[in-house]
Structure formats: structure tokens, C-alpha cells
Amino acid sequence: MKKYGFGVDVGGTTVKMGFFETDGRLIDKWEIRTNTQEHGREILPDIAHAIDNKLAQEGISKSEVEGVGIGVPGPVRSDGVVNSCVNLGWGVFNVAEELGSLTGLKVKVGNDANVAALGEMWKGGAMGCSDVIMVTLGTGVGGGIIVDGHIVAGFNGAGGEIGHITVNNDEIEPCNCGQYGCLEQYTSATGIVRMAKRKLAKSNDETSLRKFSDLTAKDIFDEAKAGDTVALQLVDDLGEILGSALSNVACVVNPEVIVIGGGVSKAGQILIDTIQKHFVETSFHACRETRFELASLGNDAGMYGCMRLVLE
């Protein structure tokens, strides 16, 4: 008998929902709005309602459903307790228990970046590998670490928070986390723009970047590909900072592959090549052969990872 499951990736604006067969075939996907009013108290009831509607629509009973995997933007303990999701308005509570009681289904919970890594390992850029680091370069920098096929979540669910490795002890502007000199201050989409604005303010270098009134990370990579010297230097700076940080992480977990995802990864091969170059320069000899791949599941990685979480 076929078995089914749901992968639910909760973001600050929308909840991405996937209905799967347990072999990983995606039957349907859709989105619902993330209602963050009143400390996000309607988010889980809305998800439960969407699950019930989908099962009714497909004519499938809950006895045929293996469970629900849910990824959330915050630290998650192994017992399903979320340790504050600021973007959702959530404090500390047991998401697995609450969604389980609303749906009558088994629920597994994971951090959103961790489950994205699990998704890429299962059906994406790291398929066939069981030791994986995934880095998502977006507005911030997320990370997920998979060792022997399992997420490294850590004691308080903060395992894999690669974006908050300290890479600059002289930084004077705070990161969103409250610390200074975090990786995401330089290698996120906002980070490389921040580095560019600093560079442009301090020099009179001739560069096509000055023509952009509202400079974006995409602009920087596009101009680098076109040969602009300043843009190329900025991309190299990003690669040096991230490649060096990842070489340190690789010393701890020795991954087979490092997957780069998030909006910045759309820059493509220039990004991968630059990160890998600096990774090799700074890595321990036994880690130098680590492969680098672009994420291939895009915004669906979290849903796939959530489904895979159910099967663990």
C-alpha cells in the first residue's frame, strides 16, 4: 500500500506545503500565508486545516499518511521544542506536540536550513552522499550539517548556524544576532552589498558599480562576470571569507560535498569556483578534495527535507 506524507516549510511570509509519496515523489505543492498576528498563534491551525483539505481532496485517509515534517526559522530541539522563532512571533513551545494534536498525525520538526540540507542530500545537489554541509546565502546566511545521513542539530538546536561564525574581530557594526563580525555580515546578499558600499565610499576606483542607485548582490556578480575589476575583487573577498570559514567547519565534520544554495547561488559557477579556490588554499590536506555543488531543489529543498525528516 502506498504511504504519503507532508513537507511543510514555514517562512516569515508564506508556508510552502508539499504532499509526497514516501519515495520522494512530489504529488502537489502550494503555499498559504503565514499569519504572524497575535504571536503567530494561527500558523499551526492554518497548516492543520490545509492538510485536512488536501487529504479530503485526494480521498486519502490519515491511516495512509506516514506523518508531517515541518521546518521552522529558529533553533529546534530533538523533542520538537522550538527555542524562539522571532520572525513568526513564537516563543518556546513544543511544535511537534501541538501540530500532532491538531492533525492526529506523527510530526517531526527541524530548523529550516537543516531540513533544506536534508532535502538536497535526499533528492538534490548532494544526492547519494551522507556527509554534507549546506550553506544558504540569502538575506542572511543559513547552514545545515548532515553527518552519516542525519542532521547535526546540537543540544539547543543551534547546530549548523554557520552564518554566525565570527570571521572579523574588528567589526564595529552589529549583526542581527547582536554579535559582531559574523560570516553573514559579509557573505549574504546584504553582506556583499554592505562590503561594496564600504569599498566605494573609501576609494575613487573606476567601476560600473557606481551607476546603480540601489545596488544588489546580483548587480555585483553580473558586473564581475562582465569583467569589472572592483566587482571581481568583491566576489573574491566573499569567496575568501566563506571559503576559509568552510575549511574550518570541514575540519570538524569532513563532508563529502558542500552545497551552496539561497538567492546568491543564482550567480552560478563564478561563486562556486571562487569559494572552492579559497577553501582549498586554507583547508586541512585530508579535506581538500571536498566537492562543491550548487543546490538543485531551489525553494523546494525545505519541503523535501521535511518529508525526509518524517522517514528517519
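Derivation of every value follows stated rules applied to the coordinates shown; laboratory data play no part. These numbers were taken from a predicted model, which means no experiment stands behind them. Note that each Cβ is placed from the backbone with ideal geometry, even for glycine, and that neighbours are counted across all protein chains shown.
Given a 10 angstrom Cα cut-off, can you work out which residue in Asp237, Asp222, Asp205 is the most mobile in a GNM of the chain? Between Asp237, Asp222, Asp205, it is Asp205 that shows the largest mean-square fluctuation.
Pairs from the table (Lys123/Lys225; Lys3/Lys54; Lys3/Lys266; Lys2/Lys29) lying more than 24 angstrom apart at Cα are Lys123/Lys225; Lys3/Lys266. For the chain, the longest principal axis of the C-alpha atoms and the axis of helix 43-58 are separated by about 60°. Under 12 Å from a label point set 7 Å out along the Cα-to-Cβ vector of Phe284, the amide N atoms of the stretch 231-271 belong to 247-255.
Suppose R0 equals 41 Å. What FRET efficiency, 1/(1 + (r/R0)^6) with r the Cβ-Cβ distance, do Arg33 and Thr229 give to the nearest 0.05?
After rounding to 0.05, the efficiency reads 0.40.
Here's how it looks for Ala295: its modeled amide H is under 5 Å from those of Ile260, Gly261, which are all 5 or more places away or on a different chain.
By how many degrees, 0 to 90 and rounded to 10, does the Cα axis of helix 112-123 deviate from the longest principal axis of the chain? Value to nearest ten degrees: 80. The loop-placed chymotrypsin sites (Phe, Trp or Tyr not before Pro) in the stretch 232-312, going by DSSP, that have at most 13 neighbouring Cβ atoms within 10 Å of their Cβ come out as Phe284. Considering only Met307, Ile272, Gly191, the residue lying farthest towards the positive end of the dipole of the chain is Met307, judged by Cα position with unit charges set on Cβ.
Under the convention that each Lys and Arg Cβ holds +1 and each Asp and Glu Cβ holds -1, the size of the dipole of the chain around its Cα centre is about 260 debye.
State the extension gain, in nm to one decimal, for the chain segment bounded by Arg41 and Asp214, taking 0.36 nm per residue of separation less the distance between their alpha-carbons. Could the numbers behind the result be given before it?
Numbers: separation 173, 0.36 × 173 = 62.28 nm, distance 3.63 nm.
Between Arg41 and Asp214, full extension yields 58.6 nm more.
Close amide H pairs (under 5 Å, H built 1.01 Å from N) link Cys182 with Val167, Cys175, residues at least 5 positions away or on another chain.
Restricting the stretch 143-222 to GluC sites (Glu not before Pro) that sit in a DSSP loop and have at most 12 other Cβ atoms within 10 Å of their own Cβ leaves Glu206. Panel order for His278, His285, by other beta carbons found within 10 Å of each beta carbon, from fewest to most: His285, His278.
Suppose R0 equals 45 Å; then what is the FRET efficiency for Ser78 and Asp205 from their Cβ-Cβ distance, rounded to the nearest 0.05?
On the way: r = 50 Å, r/R0 = 1.12.
After rounding to 0.05, the efficiency reads 0.35.
Please give the contour-minus-distance gain from Leu26 to His49: 0.36 nm per residue of separation, less the Cα-Cα distance, rounded to one decimal in nm.
Numbers: separation 23, 0.36 × 23 = 8.28 nm, distance 1.98 nm.
Gain on stretching Leu26 to His49: 6.3 nm.
Loop-located chymotrypsin sites (Phe, Trp or Tyr not before Pro) in the stretch 100-205 (DSSP state not H, G, I, E or B) with no more than 12 neighbouring Cβ atoms inside 10 Å: Phe155. Of the residues Gln179, Ala217, His285, the one whose Cα sits farthest towards the positive end of the charge dipole of the stretch 127-296 is Ala217 (charges of +1 on Lys and Arg Cβ, -1 on Asp and Glu Cβ, taken about the Cα centre).
Sorted fewest first by neighbouring Cβ atoms within 10 angstrom, Met134, Met195, Met1 come out as Met1, Met195, Met134. A helix-only calculation puts the chain at -11500 deg cm²/dmol for mean residue ellipticity at 222 nm, using -39500 (n - 2.57) for each DSSP H run of at least four residues, averaged over all residues.
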